[in-house]
Amino acid sequence: MRVITYGTFDTLHYGHILLLERARAMGDYLIVGISSDEFNEGKGKRAHFDYETRKRLLQSLRCVDLIIPEHSWEQKREDIVAHKADIFIMGDDWKGKFDDLSDLCEVHYLPRTPNVSSTLMRQHLAAQG
Ligand code: C2G
């Protein structure tokens with residue numbers, strides 16, 4: 001089974017890694033759409049690390065098989081078809097938001113890992129100066 005998920009993955013942390021590992025374990029191939037810097041601006045998120053750096057970090061994870069750029073909200077449908085994804089995964093902070101994809105593939109929302117976030121990481125990075 002081929003799994004697909006999307007995210008910014010800024011300041012990669014164990015919450016992201018636990019999500020990616022659980023997603024990968026639901027199939028045998030994991031595709032990750034990483035938000036481009038421009039798309040992040042649109043999300044109102046200023047990532048600490050640029051796309052290439054965020055991509056480079058994810059590439060080091062054994063559970064990630066393919067990385068694609070995420071340029072828009074709407075591309076998910078064409079990505080799912082183009083990459084033959086059977087399962088779409090997001091953390092449950094997105095619960096219900098992508099149910100419209102369920103005509104194309106299974107849609108699952110996995111519990112977020114508590115007490116860690118890129119926002120907290122950025123605050124700590126800023127505090128270190
Ligand atoms: N996540 C998690 N636990 C955390 C933090 C994040 O499980 N403590 C999950 C999120 O639920 C998401 C993934 O890790 O599924 C990536 O999180 P973000 O990088 O914050 O992604 P986001 O900004 O939510 O972008 O089109 C979808 C968007 O690109 C998602």
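The values are calculated or read from the model by the stated rules, or taken from the named source; none is laboratory data. Just so we're clear, the structure is a prediction, and the values are computed from it rather than from any experiment. Heads up, the Cβs are rebuilt from the backbone with ideal geometry, glycines too, and the neighbour counts pull from every protein chain shown. Areas reflect the complete protein model, heavy atoms only, side chains present, ligands, DNA and RNA absent. Shrake-Rupley method; radii C 1.70, N 1.55, O 1.52, S 1.80 Å.
Numbers at a glance
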item	result
Segment Tyr29-Gln59, extension gain: residue separation times 0.36 nm, minus the distance between their alpha carbons	9.4 nm
Average accessible surface area per residue within region 2-128, 1.4 Å rolling probe, Å²	55
Sparsely packed chymotrypsin sites (Phe, Trp or Tyr not before Pro) within region 56-96, loop by DSSP, other Cβ within 10 Å at most 14	Trp73
Gain upon complete extension [His124, Asp99; 0.36 nm per residue less C-alpha separation]	5.5 nm
Packing rank of 2-10, 107-115, where each peptide gets the mean count of other beta carbons within 10 Å, highest leading	2-10, 107-115
Kirkwood hydrodynamic radius of region 2-128, from inverse mean 1/r over distinct Cα pairs, in Å	14.8
Carbon and sulfur %, accessible surface of region 67-129 computed with the full protein complex present, 1.4 Å	56
Signed unit charges on C-beta, dipole axis of region 2-128, positive-most listed residue Val107, Gly15, Gly27	Gly15
Long-range HN-HN contacts of Leu30 with modeled amide H, under 5 Å	Val3, Asp65, Leu66
Region 22-92: C-alpha gyration tensor shape, a/c 1.5 cut-off, then a/b vs b/c	oblate
Shape of region 60-129, Cα gyration tensor, a/c cut at 1.5	prolate
Where a label projected 7 Å from the Cα of Ala82 along Cα→Cβ would reach, residues of region 10-50 with amide N under 18 Å	30-40
